[in-house]
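Since the structure comes first, as structure tokens, the remarks are kept for the end.
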Amino acid sequence: MQHQISVITLGISDLPRSRRFYVEGFGWTPVFENADIIFYQMNGFVLGTFEKSALEKDMNRSGLTSPGAFSLAHNVPSEAEVVSAINQLVEAGGHIIRPADAPSHGGFRGYVADPDNHAWEIAWNPDWPIDENGHVRFAI
């Protein structure tokens, strides 16, 4: 089986509020949207924001809690861009979980939650180069 993730879908409670965060905060453009879901084409996979009750119906599961114990990450090409990206995400409706700082394992990072409390790590790591297509490589 290939090493890949095709789609990551986040359950959200308010589609327009979530759209503002991802469009104005990250600057991403939806490639598809309807009353229940918005898809964003990423570099190698698709991110979906799916209205929670519609996602539960689609999965045939109910009473799902959100979010779980995970974080998503968005790497940036320089240390200075970490704080800038965090500030832009906060202006678009997110909130800071952890201010940017330098962890003991290296680099520079902070955490922002989207309007539905999904955690996003905004990070720069000098040992994880980002190519011209936005792909990050584990280079250590």
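Enumerate the pairs (first residue in the range 1-27 and within 22 Å of residue 69 (Cα to Cα); second residue anywhere and of a type in the set (Lys, Arg) and in a helix (DSSP H, G or I)) with beta-carbon separation below 8 Å, excluding pairs fewer than 6 apart on the same chain, so at least 6 apart or on different chains.
Matching pairs, first to second residue: 11/52; 12/52; 13/52.
The rows are residues; the columns are (1) of a type in the set (Val, Ile, Thr); (2) surrounded by 13 or more Cβ atoms within 10 Å (Cβ to Cβ); (3) at pLDDT 95 or above; (4) in contact with a Phe, Trp or Tyr (Cβ under 7 Å, 6 or more places away or on another chain).
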| residue | (1), (2), (3), (4) |
| --- | --- |
| 39 | no, yes, yes, yes |
| 59 | no, no, no, no |
| 92 | no, yes, yes, yes |
| 95 | no, no, yes, no |
| 132 | no, no, no, no |
| 139 | no, no, no, yes |
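Do you know which of the residues in the range 86-140 that are hydrophobic (A, V, I, L, M, F, W, C), assigned to a loop (DSSP other than H, G, I, E, B) and touching a strand residue (DSSP E or B) at 6+ places or on another chain (Cβ under 6 Å) is farthest from residue 43 (Cα to Cα)?
102
When you scan the range 98-112, do you find a residue that is over 15 Å from residue 27 (Cα atoms), surrounded by 17 or more Cβ atoms within 10 Å (Cβ to Cβ) and touching a Leu at 6+ places or on another chain (Cβ under 7 Å), even just one?
yes
Pull up the range 61-89, narrow it to residues that are hydrophobic (A, V, I, L, M, F, W, C) and without any contact (Cβ under 8 Å) to a residue 24 or more places away in the chain, then point me to the one that is surrounded by the most Cβ atoms within 10 Å (Cβ to Cβ). Can you show your working first?
The first filter runs over the range 61-89 and keeps only residues hydrophobic (A, V, I, L, M, F, W, C), leaving 64, 69-70, 72-73, 76, 80, 82-83, 85-86, 89.
Right, trim to without any contact (Cβ under 8 Å) to a residue 24 or more places away in the chain and you get 69, 80.
Working: 69: 5, 80: 11.
This residue is 80.
Within the range 45-56, does at least one residue satisfy the condition of being out of contact with any strand residue (DSSP E or B) (no Cβ under 8 Å at 6 or more places or on another chain), modelled with pLDDT of 95 or more and of a type outside the set (A, V, I, L, M, F, W, C)?
no
The values are calculated or read from the model by the stated rules, or taken from the named source; none is laboratory data. Keep in mind that this is a model prediction, so the values were computed, not measured. Heads up, the Cβs are rebuilt from the backbone with ideal geometry, glycines too, and the neighbour counts pull from every protein chain shown.
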